[in-house]
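For reference, the structure discussed in these notes is given below.
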Amino acid sequence: MSFHTSKENGVVVVDVDGQLIVGNRQELKQKVLDELEGGERRFLIDFANTGYIDSSGLGVLVSLSKKIREQSGELRLSNLNEDLRTLFELTKLDTLFSIADSREEALTSF
Amino acid sequence: MSFHTSKENGVVVVDVDGQLIVGNRQELKQKVLDELEGGERRFLIDFANTGYIDSSGLGVLVSLSKKIREQSGELRLSNLNEDLRTLFELTKLDTLFSIADSREEALTSF
Amino acid sequence: MTDESDTTGTERSLDSSAEVALQLPSDLRIIEAAVSHLVSRCRAFAFEGPRLELNFRVGVTEALANAVLYGNSNDPAKTVYVKLKIDEHQVVVCVADEGDGFDPSSVPDPTTPENIHSPGGRGLFLIQHLMDEIHFNERGNSVRMVLMREEPRRPRG
Amino acid sequence: MTDESDTTGTERSLDSSAEVALQLPSDLRIIEAAVSHLVSRCRAFAFEGPRLELNFRVGVTEALANAVLYGNSNDPAKTVYVKLKIDEHQVVVCVADEGDGFDPSSVPDPTTPENIHSPGGRGLFLIQHLMDEIHFNERGNSVRMVLMREEPRRPRG
Ligand SMILES: Nc1ncnc2c1ncn2[C@@H]1O[C@H](COP(=O)(O)OP(=O)(O)O)[C@@H](O)[C@H]1O
Ligand SMILES: Nc1ncnc2c1ncn2[C@@H]1O[C@H](COP(=O)(O)OP(=O)(O)O)[C@@H](O)[C@H]1O
């Protein structure tokens with residue numbers, strides 16, 4: 001598992017490789033909050049290489065989204081496969097997040 | 001556990017926070033080899049914040065030391081506490097490495 | 001304490017069912033490895049696909065996280081007990097902790113407008129919706145989850 | 001399979017000794033957590049200091065790593081069995097794997113001039129020098145290590 005951060009067109013893009021679960025959610029949270037503190041305002045979390053997400057992983061996305069909005073920033077998500085989409089739909093979090101099919105789509109829509 | 005890398009006076013300093021054991025040795029190895037490939041030649045691994053080292057951790061130090069020497073570089077170690085020193089003495093690896101008491105001593109002796 | 005070779009646990013491995021027992025240190029860091037282990041034991045029994053990769057993985061992850069965090073109060077000296085039994089129809093997983101238990105019926109629905117913005121509270125909900133059955137013991141420190149290999153035809157309650 | 005509260009293992013915890021049993025997924029990622037767990041169980045029994053933080057930690061880490069890597073061929077579907085018993089004098093740890101075993105007497109001394117530059121081969125050596133006793137079962141897939149709480153007065157063999 002690892003989180004890889006890059007910057008594309010003024011957007012901080014975080015790739016989640018592996019699982020986003022209770023054991024590593026703090027690492028993602030800290031990475032994004034550090035960038036937010038550093039002045040970044042546009043964030044994309046890309047799940048193209050993500051295995052599964054548990055409730056803590058979903059929770060960390062909810063709390064990051066709130067913190068980013070408080071700084072007038074924006075968080076988008078992309079590349080949720082069918083399984084991950086099921087999780088967002090079950091928990092109704094698909095209504096809370098701006099979810100794009102692809103990374104490109106997400107990046108151009110900011 | 002984490003490995004933190006910094007550059008001081010032309011020396012790549014790696015701090016080992018926590019354990020250096022079979023579960024994470026590859027991470028240290030990769031970090032140092034990346035720097036070596038990037039052209040760095042002087043390395044200091046500092047154990048001030050290290051809990052314990054197992055045989056795989058010792059092994060990774062031996063193999064890094066060899067790879068660095070092959071590129072005419074140098075590896076030093078510093079801040080081994082009494083327990084860690086015992087491990088180096090037991091395995092006779094204290095004869096293989098250049099071990100300094102403090103980080104400063106190691107840095108000035110390059 | 002013995003150093004005979006029979007300290008290696010033997011496993012009942014008939015053609016039609018298999019059992020796995022784990023006794024784990026109560027530590028969030030072991031969850032990913034424990035789930036991979038259980039998944040690979042299921043695969044060895046020809047269970048695969050999204051029900052394994054999503055429903056099983058997430059359900060078991062949630063139960064283990066709750067056992068570690070709440071049941072065992074995140075105390076690394078405590079233990080989490082896991083049992084898995086797989087046969088040709090279903091997999092049954094029990095996760096037990098050393099805690100005092102809780103009342104699962106008191107946990108609110110995380111999808112209501114008041115709760116949807118909360119960072120927590122979705123674990124039991126996910127177990128309930130991803131597993132086919134979930135039972136607690138009376139004390140509330142042991143959960144038993146059943147997942148059918150194939151999606152049941154009747155809609156879930 | 002039961003969901004009664006007695007699925008929680010109970011532990012014999014007399015005043016004078018305690019036992020711990022773990023059944024672990026065979027995965028290098030769990031070693032650190034397993035060792036912390038065993039260390040905290042020893043601490044709860046008033047064993048502390050460098051013999052715990054160095055000798056015990058390193059000895060147990062080596063035995064677990066060998067069980068996962070060699071005994072269980074790094075196959076995450078396999079299991080590692082750990083038993084610990086601590087009393088007022090000593091702690092005894094057994095680590096067993098599902099492998100075919102090996103002949104410990106065939107492992108060369110890693111401190112000789114020919115071997116000192118090798119990246120591997122120091123695990124058993126460390127166990128032998130850090131623990132007070134080490135015994136293998138005949139098959140070689142189960143190791144039993146004894147560590148006295150206090151440094152023995154007689155020099156080790
Ligand atoms: N094994 C357990 N022992 C004690 N309390 C538990 C246990 N599992 C769950 N709970 C309680 O149920 C609540 C809801 O759990 P859950 O739905 O998993 O969400 P979250 O973990 O995000 O709080 C927890 O906050 C906790 O109070
Ligand atoms: N549980 C085990 N099962 C089978 N072989 C083992 C086991 N433990 C150790 N060995 C063998 O003994 C050798 C030496 O082990 P060790 O001294 O720990 O050094 P290393 O792990 O660096 O090889 C290993 O390479 C392996 O061949």
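Bear in mind that the values in this text are calculations on the coordinates, not laboratory data. As the structure is a computational prediction, the values presented were derived from the model and not from experiment. As a convention, Cβ positions derive from the backbone with ideal geometry for all residues, glycine included, and neighbour counts pool all protein chains shown.
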Ascending list, in nanometres, of distances separating the A:E27 label from those of the other copies (7 Å, Cα toward Cβ): 0.6
Residue-normalised 222 nm signal for chain C, counting each DSSP H run of n ≥ 4 as -39,500 (n - 2.57), nearest 500 deg cm²/dmol, is -6000 deg cm²/dmol
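Determine the shape class of the protein assembly as shown: with a ≥ b ≥ c the square roots of the Cα gyration tensor eigenvalues, call it rounded for a/c under 1.5, and otherwise prolate if a/b is greater than b/c, oblate otherwise. Can you show the working numbers first?
Details: a/c = 2.04, a/b = 1.20, b/c = 1.69.
Note, shape of the protein assembly as shown comes out oblate.
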Sorted shortest first, the nm distances from the B:R85 label point (7 Å along Cα→Cβ) to its counterparts in the other copies are 6.3
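With respect to the cross-link table entries C:K83/D:K85; A:K31/C:K78; A:K31/B:K7; A:K7/A:K29; A:K7/B:K31; B:K66/B:K92, which display a Cα-Cα separation exceeding 20 Å?
Values: C:K83/D:K85 24 Å; A:K31/C:K78 31 Å; A:K31/B:K7 22 Å; A:K7/A:K29 17 Å; A:K7/B:K31 22 Å; B:K66/B:K92 16 Å.
Checking Cα-Cα distances, C:K83/D:K85; A:K31/C:K78; A:K31/B:K7; A:K7/B:K31 exceed 20 Å.
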Could you run the Karplus curve 6.51 cos²θ - 1.76 cosθ + 1.60 with θ = phi - 60° over the stretch D:44-59 and give me ³J(HN,Hα) per residue in whole Hz, x for Gly and Pro? 4, 9, 6, 9, 8, x, x, 5, 7, 6, 10, 4, 5, 4, 5, x
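Taking neighbour counts of Cβ atoms within 10 Å as a proxy for exposure, in what order, fewest first, do B:D94, A:D101 appear? All intermediate terms of the calculation are to be shown ahead of the outcome.
Values: B:D94 16, A:D101 10.
Ordered by Cβ neighbours within 10 Å, fewest first: A:D101, B:D94.
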Across D:80-93, the residue-averaged tally of Cβ atoms belonging to other chains within 10 Å stands at 1
Would you mind classifying the stretch D:6-157 by shape? Square roots of the alpha carbon gyration tensor eigenvalues, ordered a ≥ b ≥ c; an a/c under 1.5 is rounded, otherwise it is prolate if a/b is larger than b/c and oblate if not. oblate
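Determine the shielding of peptide A:3-9 by partner chains: average, over its residues, the number of Cβ atoms on other chains within 10 angstrom of each Cβ. Write out the running numbers ahead of the final one.
Values: counts 0, 0, 0, 0, 0, 0, 0.
Mean shielding count: 0.
Within 10 Å, at most 12 other Cβ atoms, and a DSSP state outside H, G, I, E, B define an exposed site. Report the longest part of chain D free of exposed trypsin sites (Lys or Arg not before Pro).
Details: sites that count: D:R12, D:R153, D:R156.
The reported range is D:13-152.
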Each residue of the stretch A:99-109 in turn: what ³J(HN,Hα) in whole Hz from Karplus with 6.51, -1.76, 1.60 and θ = phi - 60°, glycine and Pro shown as x? 10, 9, 5, 10, 4, 4, 4, 5, 5, 6, 8
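Across peptide A:60-69, what mean number of C-beta atoms from other chains lies inside 10 Å of a residue's C-beta?
Working: counts 1, 1, 6, 4, 1, 2, 2, 0, 0, 0.
Shielding by partners across A:60-69 averages 2.
Loop-only GluC sites (Glu not before Pro) in the stretch C:52-157, please: DSSP not H, G, I, E or B, and at most 15 other Cβ atoms within 10 Å. Each step should come with its number before you reach the end.
Values: sites: C:E53, C:E62, C:E88, C:E98, C:E114, C:E133, C:E138, C:E150; in loops: C:E88, C:E98, C:E114, C:E138, C:E150.
Sparse-neighbourhood loop GluC sites (Glu not before Pro): C:E88, C:E114, C:E138, C:E150.
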Förster radius 30 Å - calculated FRET efficiency between A:D17 and B:R41, Cβ distance, rounded to 0.05: 0.45
Summing -39500 (n - 2.57) over every DSSP H run of at least 4 in chain B, dividing by its residue total and rounding to the nearest 500, the 222 nm mean residue ellipticity is -12000 deg cm²/dmol
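Taking a ≥ b ≥ c as the square roots of the eigenvalues of the Cα gyration tensor of the stretch C:26-74, is the shape rounded (a/c under 1.5), prolate (a/b larger than b/c) or oblate? Each step should come with its number before you reach the end.
Working: a/c = 3.44, a/b = 2.18, b/c = 1.58.
Here the stretch C:26-74 falls in the prolate category.
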For D:Q90, what residues show an amide H to amide H distance below 5 Å, using hydrogens built from the backbone and excluding near sequence neighbours? D:R149
Residue by residue through the stretch A:11-16, what is 3J(HN,Hα) from phi via Karplus (6.51 cos²θ - 1.76 cosθ + 1.60, θ = phi - 60°)? Round to whole Hz and write x for glycine and proline. 10, 7, 9, 10, 9, 9
